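Below: the structure, in structure tokens.
What follows is calculated from the coordinates using simple rules that are stated; it is not laboratory data. Small disclaimer: the values here were computed from a predicted structure and weren't measured. No Cβ is skipped: glycine too gets one built from the backbone with ideal geometry, and neighbour counts run over all protein chains shown.
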Amino acid sequence: MKYFRLKTESNQNSAKMEVRSAIALLPFLLFSVTLWGQDSSSVKRLKTVTVTAKSKYEVKGASQTRIDTLILQRNVNSSLAELLSENTPVFIKSYGRGSLATASFRGTAPSHTQVTWNGININSPMLGMVDFSLIPVYFLDDVNLSHGGASVSNTSGSIGGSIQLDNKPLTQKGWSGQFVQGLGSYSTYDEFGQLNYVANKWQTKTRLYYGYSANDFSFKNKEIKDLENPLAPYPIQVNKEAEYHKAGILQEVYFRPTLKDQLSFNIWSMYTDRKLPRLTTSEADENANINSQFDETLKAVVSWNRYEHSANYFLRLGYDHQDLDFWLKNQISGGDIVKAINSTATSNSFYFQSELNKSFIEDKLKLKGRLDYTLSKVISAEEVKMTGYEENRSDLSFLLSAEANLTKRLFLTALVRQGIIDGDYYASPFLGTEFLINENYDWKLKLNISQTFHYPTLNDLYYLPGGNPNLLPERSNAIEIGTSISKKLNDTFNFWVDINAYSSTVKNWIIWLPSYNQFWVPENMREVKSKGVESKIGISGGRRFTFKSHVNFAWTHSVNNDDPRNWADESVGKQLVYIPEYSGNLFSNIAYKGYYISYFFNYYSTRYTTTSNEKETKRDFLYPYLMSDMAIGKDFKLRKTYVGLQVKVLNLFNEEYRTILRRPMPGRNYYLTIKASF
């Protein structure tokens with residue numbers, strides 16, 4: 001490991017040289033080894049185009065979720081964090097409006113959720129997680145979730161689950177485009193634009209986004225009380241120093257030289273400049289604790305897909321650059337404002353993937369082989385304290401998978417991912433089976449067992465101060481059983497039910513704890529046990545009036561099963577902090593002749609902020625809350641332009657709530673969306 005005292009120009013140049021060298025050597029190294037229907041008056045008719053492609057490879061016996069196209073279209077001005085919290089059982093831990101938002105599957109940690117974009121992993125190699133508040137839904141065409149061990153088929157390190165984000169080529173030839181204007185409370189402005197051109201053999205898609213918010217909402221601060229006048233009301237304060245700017249561009253190019261081949265190029269650049277508001281407990285003056293964070297990313301993927309009658313093959317090269325700059329300023333008494341923290345973190349990751357799918361016996365047997373290689377190079381520096389680290393990580397894995405239709409009703413998936421991370425070997429097997437009980441109702445019984453590994457992040461190992469290079473990788477053993485029903489009652493009505501129960505044990509769980517040296521240190525806990533139930537029920541249909549509704553509910557019991565660390569340790573057997581035991585959400589939409597009304601509901605039970613699960617003070621836990629949003633809109637055609645108007649009321653019942661301790665949240669607020677498409 002290379003330690004350094006300051007991120008100087010010389011080591012930056014050195015890092016650039018190493019990155020260029022890696023880019024040059026990577027090819028040689030690697031060589032060696034796609035709308036729920038509204039009323040017909042508002043639907044844009046598409047030309048019929050024949051596309052040659054193989055059906056998506058399925059993981060039998062697993063729990064998987066696909067976000068509905070209608071929901072994606074209704075949420076084009078939302079972040080991925082808002083989309084997931086309103087439509088899936090995944091718990092989103094949000095630090096406030098415009099701030100960090102992480103995802104947790106089945107009571108696991110944010111770093112146990114792996115996220116891919118067009119096949120490449122976009123988790124930070126240093127933090128191990130993704131900030132979902134930074135990903136606009138407008139840039140996504142397809143969002144899929146793999147729960148539990150099923151994620152092994154997509155990526156490594158996903159103990160809780162994985163989220164796959166994808167872009168898709170268009171089918172309608174010629175020019176098309178869209179402009180979306182969003183106007184909201186707290187001086188919030190969002191602009192989205194898209195321009196597409198589709199020819200016979202190639203097409204291009206360009207998407208742009210810019211967003212700004214002063215984020216200056218008022219709130220009642222119950223963390224501050226006038227001790228000399230206990231009867232005085234809590235003060236009404238303004239969320240200051242909380243504005244944010246976001247911007248991004250996504251460019252896609254697709255080329256089909258033959259009916260069997262497709263070349264694609266995707267490049268996505270984003271930047272965010274945001275201030276981080278002070279805690280509600282802060283009584284400092286205006287020039288104290290001023291925080292700011294700048295995030296910049298550049299991701300690119302080049303792919304070649306070959307489609308044959310009974311096989312398909314792809315090669316993929318990827319690149320992911322992430323840069324995070326954070327600083328904290330304070331005013332010295334009677335003096336200037338100086339930086340107390342000036343931290344930078346830069347990572348460059350390179351990807352190579354190759355996969356072959358082959359079908360036999362009239363698709364009754366499907367075999368898949370896949371090779372993944374990732375090289376990450378990171379630099380972390382804190383210029384005030386003059387600390388930091390520079391490290392590399394390589395991850396090579398091989399996936400072998402078989403899917404078999406044993407009978408007309410019995411299906412099986414067996415796969416194993418064998419990998420090497422920095423010289424350490426791991427194996428993640430998965431075995432799933434599915435039995436079709438009733439073909440008329442598509443009633444299935446599902447069962448799977450799996451083992452997954454998650455290696456410590458680079459910050460876990462090397463962060464200064466506190467990194468622990470002796471950490472062991474986390475290992476999860478899980479079992480899951482479930483059932484699903486999907487039935488089309490007639491030409492218009494459908495309903496579906498999906499219920500899954502799971503149990504998992506995570507050995508060597510990594511947790512950061514305070515040390516005697518007055519800084520936090522990561523350590524391995526003996527184990528964490530998690531069990532629970534995820535359920536989803538939905539119905540859709542109608543002719544003149546069309547409707548769609550679904551409900552998600554989750555019971556998540558995730559507890560510390562470690563040995564007591566000392567006589568005062570009361571954390572054993574207690575629910576992990578910030579993980580709600582019960583959560584749920586509901587989405588309902590009714591449409592008639594282009595008019596529609598949508599209702600969103602979200603519920604979280606009590607969340608503890610201490611490992612002992614105490615309720616002695618308001619600072620020990622977060623109250624349960626029920627959050628409702630409502631949207632009313634109209635889609636219509638104006639000559640050759642398709643126009644959409646929507647008004648959304650967020651926090652409909654003006655709930656006072658918190659998602660994170662000492663972080664304020666807004667009351668009722670409003671958002672207007674105007675869309676124009678051609």
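Amide H to amide H under 5 Å from residue 106: which residues, 5+ apart in sequence or cross-chain, H placed 1.01 Å off N in plane?
Amide H neighbours of residue 106, under 5 Å, 5+ apart: 91.
Taking only DSSP H segments of four or more residues, each worth -39500 (n - 2.57), what value at 222 nm results for the chain once the sum is divided by all its residues, to the nearest 500 deg cm²/dmol?
After summing the helix terms and dividing by the residues of the chain, the value is -2000 deg cm²/dmol.
Against the 2.2 N^0.38 Å scaling, with N counting residues, where does the chain land? I'd like the Cα-based Rg ratio to two decimal places.
Normalised Cα radius of gyration, the chain: 0.97.
What is the magnitude of the charge dipole of the range 324-372 about its Cα centre, with +1 placed on the Cβ of each Lys and Arg, -1 on the Cβ of each Asp and Glu, and no other charges, expressed in debye to the nearest 20?
180 debye
Compute the projected area of the convex hull of the Cα atoms of the range 112-157, averaged over all viewing directions, and report it in nm² to one decimal place.
About 3.5 nm², averaged over all directions.
Round to a whole angstrom and tell me the spacing of the C-alpha centers of the range 364-429 and the range 137-154.
16 Å
Treating the beta-carbon of each Lys and Arg as +1 and of each Asp and Glu as -1, no other charges, what is the dipole magnitude of the chain about its Cα centre, to the nearest 20 debye?
In debye, rounded to 20, the chain gives about 2580.
Calculate the length of the line joining the C-alpha centroid of the range 85-125 to that of the range 436-454, in whole Å.
What the calculation gives is 25 Å, centre to centre.
One-quarter of the Cα convex hull surface for the range 318-458, in nm²?
Average of the hull's projected areas for the range 318-458 equals 14.0 nm².
Calculate how large, on average over all directions, the projected area of the Cα convex hull of the range 75-173 is; give the answer in nm² to one decimal.
In nm², the orientation-averaged hull projection of the range 75-173 is 6.8.
Counting just the Cα atoms, what span does the range 566-675 cover along each of its three principal axes? Round to the nearest Å and put the largest first.
75, 23, 21
Looking at the range 328-460, how many pairs of lysines come closer than 16 Å at the Cα, when each pair is eight or more places apart or spans two chains?
Summing the qualifying lysine pairs gives 9.
How do the peptides 229-241, 580-592 rank, highest first, by the average count of neighbouring beta carbon atoms within 10 Å per residue?
580-592, 229-241
What is the spread of the Cα atoms of the range 120-203 along each of their three principal axes, largest first, in whole Å?
So the extents along the principal axes, rounded to whole Å, are 45, 42, 22.
Show me the trypsin sites (Lys or Arg not before Pro) within the range 480-565 that DSSP assigns to loop and that have at most 10 other Cβ atoms within 10 Å of their Cβ.
Those satisfying the criteria are 543, 544.
Return the sequence-ordered ³J(HN,Hα) values of the range 526-543 in whole Hz as given by the Karplus equation 6.51 cos²θ - 1.76 cosθ + 1.60 applied to θ = phi - 60°, using x for Gly and Pro.
4, 6, 10, 9, 9, 9, x, 9, 10, 9, 9, 10, x, 8, 8, x, x, 10
Please work out, to two decimal places, the log10 of the ratio I(q)/I(0) at q = 0.22 Å⁻¹ from a Debye calculation in which every Cα of the range 240-357 carries one identical scatterer.
These q points yield log10 I(q)/I(0) values of -1.18.
I want to verify the translational diffusion coefficient of the range 521-606 in µm²/s; compute it with Stokes-Einstein, Rh as the Kirkwood radius over Cα pairs, at 37 °C and 0.692 mPa s.
203 µm²/s
Residue farthest toward the positive end of the dipole of the chain, with Cβ of Lys/Arg at +1 and Asp/Glu at -1: which of 144, 455, 204?
204
Give the Cα extents of the range 297-400 along the principal axes, in whole Å, largest first.
Over the range 297-400, Cα extents along the principal axes are 81, 20, 20 Å.
From the backbone phi of the range 577-587, what are the Karplus-calculated ³J(HN,Hα) couplings (6.51 cos²θ - 1.76 cosθ + 1.60, θ = phi - 60°) in whole Hz, Gly and Pro given as x?
Values, residue by residue: 4, 6, 9, x, 6, 10, 8, x, 8, 9, 10 Hz.
For the range 134-291, count the residues as N, evaluate 2.2 N^0.38 Å, and divide the Cα radius of gyration by that value, please.
So the range 134-291 has a normalised radius of gyration of 1.53.
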